[in-house]
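Worksheet for the structure shown next.
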Amino acid sequence: MLGKIFIILLVPVTIYVVYYLLNRTAKNNKAIKRVLSDEGKDILEREVAYYRRLSIADKQEFESRCLAFLDTVKIEGVGVTLELKDYMLIAASAIIPIFAFKKWTYPNLTNIMIYPAHFNADYQFEGHADRNIMGMVGEGAMNGQMILSKSALEYGFQNASDGQNTAIHEFVHLIDKTDGTVDGVPSYLLDKAAVIPFMNLIREEINKIKQHQSDIDTYGMTNPGEFFAVASEYFFENPTKFQKNHPELYTALSKIFEQS
């Protein structure tokens, strides 16, 4: 009798466990199994030059990576309503610099806030004359957060040849920051033997900007961390021009980001 009761009790428990495991597996694989909508693909094709240059197989991989990113990071509008285009441009900006690294998941990012326009150091985007920030990666209490201006996000993809893209810039900062500091040296992507030569190259390139002998944005003079992000924007936005004007730096960034 006790045996029968045990079996009767065991059956629903077993069903629940199997259901739980299957449900958890399906949830974890949600981004992999989903297929990007035609509207999402059209946005990538229309707005993202990097995506247009990919092969058909790589485009499918890029789409899958975008979906996986959107599954793991919370994106919210602050004072602005977000559209599918905004989500796709943010995801594309995240995937472009780490496309060669299939398992990269941005461990130092949990939340992205989109402001309608430029903002200041106090995160205000209205009524202040000092609103000159287009994007930032949070520090201290804001660690794990990113703030982007919606206008800067969209502008970054409107001209694919100007070498400027705020969102890519901020995601490169996150890559740089993975080792703990934003110093222009992405230790996780550089061989130890290549660190000092790369630091020397950065110093040389910053001096060229100071001497008006470079077309890299002058904001790159701020410090090595900003130079790395600014140069990376240019590298991904207009690789042909970047290679022509900065062959040594192009080779270095190609190795860091594993771009062929």
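Overall, the anisotropy analysis places the stretch 176-227 in the oblate class: the square-rooted eigenvalues a ≥ b ≥ c of its C-alpha gyration tensor yield a/c not less than 1.5, with a/b not exceeding b/c. Carbon-plus-sulfur accessible fraction, the stretch 141-254 (probe radius 1.4 Å, protein heavy atoms only): 51%. Each residue of the stretch 251-256 is assigned a 3J(HN,Hα), and the resulting list reads 4, 5, 5, 4, 6, 4 Hz, derived from the Karplus form 6.51 cos²θ - 1.76 cosθ + 1.60 (θ = phi - 60°), x at Gly and Pro.
Sequence-ordered 3J(HN,Hα) estimates for the stretch 94-109 from the Karplus curve with 6.51, -1.76 and 1.60 and θ = phi - 60° stand at 6, 7, 3, x, 10, 4, 6, 10, 4, 9, 6, 10, 6, x, 9, 9 Hz, glycine and proline given as x.
Converting phi to 3J(HN,Hα) with the Karplus coefficients 6.51, -1.76 and 1.60 and the offset θ = phi - 60°, the stretch 64-79 yields 5, 5, 4, 5, 4, 4, 5, 6, 9, 10, 7, 10, 9, x, 10, x Hz in sequence order, with x at every glycine or proline.
The values are calculated or read from the model by the stated rules, or taken from the named source; none is laboratory data. Keep in mind it's a predicted model, so treat the numbers as computed, not measured. Ligands, DNA and RNA are stripped out before the accessible areas are found, and what is left, the full protein with its side chains, is counted by its heavy atoms. Shrake-Rupley method; radii C 1.70, N 1.55, O 1.52, S 1.80 Å.
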